[in-house]
Amino acid sequence: MKRQIPLIIIITLGFMFVAHSFIPHKISVDFFDWFQDWAKAISPFAVSLGIMSLFMVHGTKIKRKVPNWQYSVVTLAGLVFTAFAGFVWGTQSGTPYMWLFENVQMPMSATMFALLAFYIASAAYKAFRARSAEATVLLVAAIIVMLGQVPLGAMISKWIPETSTWILNVPNLAAKRAIMIGVGLGITATSLKILLGIERTYLGGGD
Amino acid sequence: MFETISNFVAAFLTLSIFSFLYKDNPFYKFAEALLVGISMGYAIPLVYENVFMPYVYTPIFLNHKFIIIIPALLGSLYMLRFSKNLGWLSRYPIVFGMSIVGMSIPLSIHSSVLVQMRSAMLPIDGINSALIFIGTVTILLYFFFSKAHKGIYGKVTNVGIWFMMIGFGASFGYTVMARVSLLIGRIQFLLGDWLGLIK
């Protein structure tokens with residue numbers, strides 16, 4: 001029963017939502033409003049699960065003094081201090097909380113993504129070395145699109161920005177459209193598997 | 001003075017992350033660990049202010065909508081996830097949230113399938129619209145694995161691969177440009193805001 005009752009709940013509520021999409025009756029709308037209020041009241045507690053998980057993972061590393069356990073102390077100290085700053089001094093501009101965001105969190109996350117520029121260049125080099133026709137087509141399309149976005153492309157030839165626009169509007173559109181249709185069918189199939197109780201991994205292990 | 005210290009902290013952390021380009025080192029590990037902690041710590045007060053207060057505290061304690069105590073209790077069952085004996089109770093808030101997938105069935109069929117198909121079935125009035133149609137159909141055929149990709153069918157699906165490669169190339173180009181733009185931003189910060197070498 002520990003698994004069956006949650007399954008009955010998801011099947012019942014899930015099919016009610018399917019019906020809600022097709023029957024815009026007041027009862028259906030009221031039911032959806034009720035669900036939204038309850039879902040919003042439940043959602044902040046999911047964050048507490050994330051915090052608990054982070055504390056358990058890093059707490060265990062610190063307790064067992066595993067290699068590089070010192071960095072777990074940095075993670076937990078950063079978490080506690082930032083949350084503390086937000087609760088004590090508020091989250092408005094000019095507070096220590098926002099200082100941490102502007103001078104610690106934001107520069108680091110922007111640099112992390114900037115770092116990917118180097119690894120993408122390395123991946124492109126490896127793809128080019130593969131010397132397959134498909135990889136060459138991919139790289140030529142990428143180079144034209146990149147050059148089409150910057151003034152240098154137009155300086156080299158007026159055809160580059162035009163070809164870039166054509167690539168984006170014609171073959172790229174066809175690829176995106178087909179992939180979008182596949183994704184839509186995939187979402188529908190997965191959702192049906194959940195609603196019919198075929199997909200149950202979200203329930204976790206145990207009884 | 002305060003701005004100088006702020007810039008120094010941001011520059012130190014920026015350089016710590018860039019140091020990974022040489023190899024994994026303690027500076028990078030420190031910055032990485034700090035980023036995880038601070039990102040999580042940043043989310044907590046925001047969730048408290050923007051979700052917990054308006055949807056849990058205010059309805060129960062200020063508006064006296066005591067029915068909200070039930071979802072609040074249901075949500076608190078999340079915390080039993082790590083309990084060996086009571087972990088199964090955490091399934092209730094999970095399935096409550098997951099049931100929204102029922103709504104995603106008509107939504108995804110409409111927005112991702114029907115709308116896209118309708119756009120793909122417009123009258124072919126030129127070479128570009130013909131290419132878009134051929135590209136869409138051949139890519140869809142490529143993902144149909146119930147028939148072996150051999151002979152004429154294999155050649156048709158091969159056309160789909162070429163269309164996909166051009167599409168992936170365009171996405172790749174866009175991603176590279178976005179990352180390079182971030183890289184320029186960081187270099188401008190280091191050379192301008194921090195060192196004052198560029199205006």
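The values are calculated or read from the model by the stated rules, or taken from the named source; none is laboratory data. Predicted model, so just to flag it, every value in this text is computed and none were measured. Cβ atoms come from the backbone with ideal geometry, glycine included; neighbour counts cover every protein chain shown.
Side notes on the structure shown:
- Residues of segment B:112-165 that turn out to be facing another protein chain (nearest Cβ under 8 Å), of a type in the set (Gly, Ala, Ser) and out of contact with any Phe, Trp or Tyr (no Cβ under 6 Å at 6 or more places or on another chain), as a count: 3
- Criterion (under 21 Å from A:Thr190 (Cα atoms), surrounded by 16 or more Cβ atoms within 10 Å (Cβ to Cβ) and in contact (Cβ under 8 Å) with a residue 24 or more places away in the chain) met by exactly one of A:Ile10, A:Ile51: A:Ile10
- Close Cβ contacts (under 7 Å, 6 or more residues apart or on different chains) running from residues in segment B:1-28 that are at the interface with another protein chain (Cβ under 9 Å from one of its Cβ atoms) to residues that are of a type in the set (Asp, Glu) comprise B:Asn7/B:Asp193.
- At least 1 residues being basic (Lys, Arg) is the threshold, and among the helices (runs of 4 or more DSSP H) wholly inside segment B:34-127 those reaching it are B:91-98, B:115-120.
- Taken together, the criteria exclude B:Gly173 from residues that are buried (at least 20 other Cβ atoms within 10 Å of the Cβ), within 7 Å of another protein chain (Cβ to nearest Cβ) and more than 30 Å from B:Phe18 (Cβ to Cβ).
- Restricting attention to segment A:83-96 and to residues that are in a helix (DSSP H, G or I), more than 7 Å from every other protein chain (Cβ to nearest Cβ) and not β-branched (Val, Ile, Thr), the residue that is surrounded by the most Cβ atoms within 10 Å (Cβ to Cβ) turns out to be A:Ala85.
- Check on B:Phe168, touching a Pro at 6+ places or on another chain (Cβ under 6 Å), facing chain A (nearest Cβ under 7 Å) and crowded, with 16+ Cβ neighbours inside 10 Å: no
- Residue within segment A:159-175 that is out of contact with any strand residue (DSSP E or B) (no Cβ under 8 Å at 6 or more places or on another chain), assigned to a loop (DSSP other than H, G, I, E, B) and not small (Gly, Ala, Ser) present: yes
- Considering each residue of segment A:173-181 in turn, at least one proves to be modelled with pLDDT of 95 or more and of a type outside the set (A, V, I, L, M, F, W, C).
- The residues of segment B:11-48 that are within 23 Å of the chain's Cα centre (by Cα) and acidic (Asp, Glu) amount to a single one, B:Glu32.
- Residue among A:Ser21, A:Ser48 that is touching a His at 6+ places or on another chain (Cβ under 9 Å) and either within 9 Å of another protein chain (Cβ to nearest Cβ) or over 17 Å from B:Tyr92 (Cβ atoms) (or both): A:Ser21
- Residue list for segment B:79-98, restricted to those being among the basic types (Lys, Arg) and either within 7 Å of another protein chain (Cβ to nearest Cβ) or closer than 26 Å to A:Asp37 by Cβ (or both): B:Arg81, B:Arg91
- Looking only at residues in segment B:98-127 that are among the polar types (S, T, N, Q) and surrounded by 15 or more Cβ atoms within 10 Å (Cβ to Cβ), the one that is nearest to B:Trp162 (Cα to Cα) is B:Gln116.
- Filter pass, A:Gly59 being assigned to a helix (DSSP H, G or I), at pLDDT 95 or above, surrounded by 15 or more Cβ atoms within 10 Å (Cβ to Cβ) and not aromatic (Phe, Trp, Tyr): no
Residues checked against (1) facing chain B (nearest Cβ under 9 Å); (2) in contact with a Ser or Thr (Cβ under 6 Å, 6 or more places away or on another chain); (3) β-branched (Val, Ile, Thr):
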position	(1), (2), (3)
A:Pro107	yes, yes, no
A:Ala124	yes, no, no
A:Phe128	no, no, no
A:Ser132	no, no, no
A:Val137	yes, no, yes
A:Val140	yes, no, yes
A:Ile144	yes, yes, yes
A:Ser157	no, no, no
